[in-house]
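Right, one structure below, let's go through it.
Coordinate-derived values only; no laboratory data. These numbers were taken from a predicted model, which means no experiment stands behind them. Every residue, glycine among them, receives a Cβ derived from its backbone with ideal geometry; neighbour counts consider all protein chains shown.
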Amino acid sequence: MSLKATIINIGQAPEIAVEAAEPYDGFYKVLSPAEPRTGRLGLNLSRLPPGKSGCPLHTHQIEDEAFLVMSGRGVFRYGDDVRAIGPGDCIYCPSGTGIGHQIANPFDEDLVYLAIGLNDPNEVCTYPDSGKVYVRGLAKTGRLLPADYFDGEGGEARIFDLPVNGQSDV
């Protein structure tokens with residue numbers, strides 16, 4: 001695969017609708033190569049209609065994320081701290097803090113912002129309000145249950161039932 005520079009005009013990029021349960025709704029335009037993923041940096045132009053949030057409160061374990069408000073007004077939640085945001089505001093959310101972030105639009109006009117982050121295949125996100133965990137490498141979202149390291153590992157280890165390749169005297 002060869003990587004090359006890409007030029008995408010915002011006006012010509014297709015707008016994709018987020019189809020989710022209320023109030024998680026909105027639209028985005030992918031401005032970095034998305035299919036197939038050819039780069040490590042993701043850049044989307046997001047648009048939130050009035051009364052909508054783009055996603056639930058979430059944390060990132062690996063990927064820093066940044067937002068640049070282009071137009072409209074909204075609110076930004078970082079943990080339990082909520083602040084008003086507007087044109088020109090740049091928001092930086094470092095990964096690994098365990099502090100969730102979220103953007104919403106409680107106002108009368110669309111909120112438009114750039115969302116910038118990595119496309120790490122090993123990303124893990126948590127959702128503090130609902131207790132969910134997303135593991136990108138497994139393409140799974142769920143809830144973890146506490147367990148001891150050897151829980152469910154009783155009995156003989158399966159390795160003893162498997163053939164040993166390349167050696168006859170084991």
- Item | Taking all pairs of distinct alpha-carbon atoms in the chain, Kirkwood radius in angstrom | 18.7
- Under a 5 Å amide H to amide H cut-off, with H placed in plane at 1.01 Å, what residues pair with residue 100 once short-range neighbours are removed? 79
- Give the longest segment of the chain that steers clear of GluC sites (Glu not before Pro) in DSSP loops with at most 14 neighbouring Cβ atoms within 10 Å, not counting the sites themselves. 20-108
- Message: Quick check: net charge around residue 76, other residues with Cβ under 15 Å of its Cβ, Lys/Arg +1 and Asp/Glu -1?
- Response: 0
- Item | In sequence order, calculated HN-Hα J values of segment 65-70 (Karplus, 6.51, -1.76, 1.60; Hz; x Gly/Pro) | 9, 9, 9, 10, 6, 9
- Rounded if a/c is under 1.5, else prolate if a/b is larger than b/c, else oblate: which is segment 73-170, with a ≥ b ≥ c the root eigenvalues of its Cα gyration tensor? prolate
- Nearest-0.05 FRET efficiency for residue 122 and residue 22 at R0 = 25 Å, using Cβ-Cβ distance, is 0.20
- Query: Which cross-chain or sequence-distant (5 or more) residues have an amide H under 5 Å from the amide H of residue 55, H modelled 1.01 Å from N in plane?
  - Reply: 103
- Query: To the nearest 0.05, what FRET efficiency results for residue 9 and residue 143 with a Förster distance of 41 Å applied to their C-beta separation?
  - Reply: 0.45
- Message: Can you tell me which lysines have their Cα less than 28 Å from the Cα of residue 132? Leave out same-chain residues fewer than eight positions away.
- Response: 29, 52, 140
- Which of 23, 146, 56 moves the most in a Gaussian network model of the chain with Cα springs under 10 Å? 146
- Message: Roughly how far apart, in whole Å, are the Cα centres of segment 71-106 and segment 127-143?
- Response: 21
- To the nearest 0.05, how large is the calculated FRET efficiency for residue 84 and residue 130 if R₀ is 30 Å and r is the Cβ-Cβ distance? 0.75
